[in-house]
Amino acid sequence: MMIALYRIDTKGRGQYYYLHDYQGNLFSPYSFTTVWGKEMAKGREKLYTFQTRFEMDAKLKDLFGVKVAEGYKVLYAYPHQNFYQHLFSHLSREQAS
């Protein structure tokens, strides 16, 4: 799963926020990583870990809602697995609001 968000700040500079599950975690069955900054090569990174898919999905929805409220828009999103389809339909409805 990959969600790329962006916004333009008041000085006209782009800011990016990525959520992805490309890397696994040895200590919990569910995880995803967020990366943010003005340049992704120099961005900050945070790993979230969860014991259940429900907890992970709730955090993904929460982070997305916060970022949309901060003015971010979806640049692109790839679910790559069927169990993310419900999340992506939710994201589309949030973005349309």
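The values are calculated or read from the model by the stated rules, or taken from the named source; none is laboratory data. Keep in mind the model is a prediction, meaning the values are calculated, not measured. Positions of Cβ are generated from backbone atoms using ideal geometry, with glycine treated the same way; all protein chains shown enter the neighbour counts.
Within region 8-48, the set of residues being of a type outside the set (A, V, I, L, M, F, W, C), assigned to a strand (DSSP E or B) and over 14 Å from the mean Cα position of the chain (by Cα) comprises Gly14, Tyr30.
Looking only at region 49-72, residues that are within 14 Å of the chain's Cα centre (by Cα) and loosely packed, with under 11 Cβ neighbours inside 10 Å come to 2 in all. Looking only at region 39-97, residues that are closer than 14 Å to Asp21 by Cβ, hydrophobic (A, V, I, L, M, F, W, C) and modelled with pLDDT under 80 come to 3 in all.
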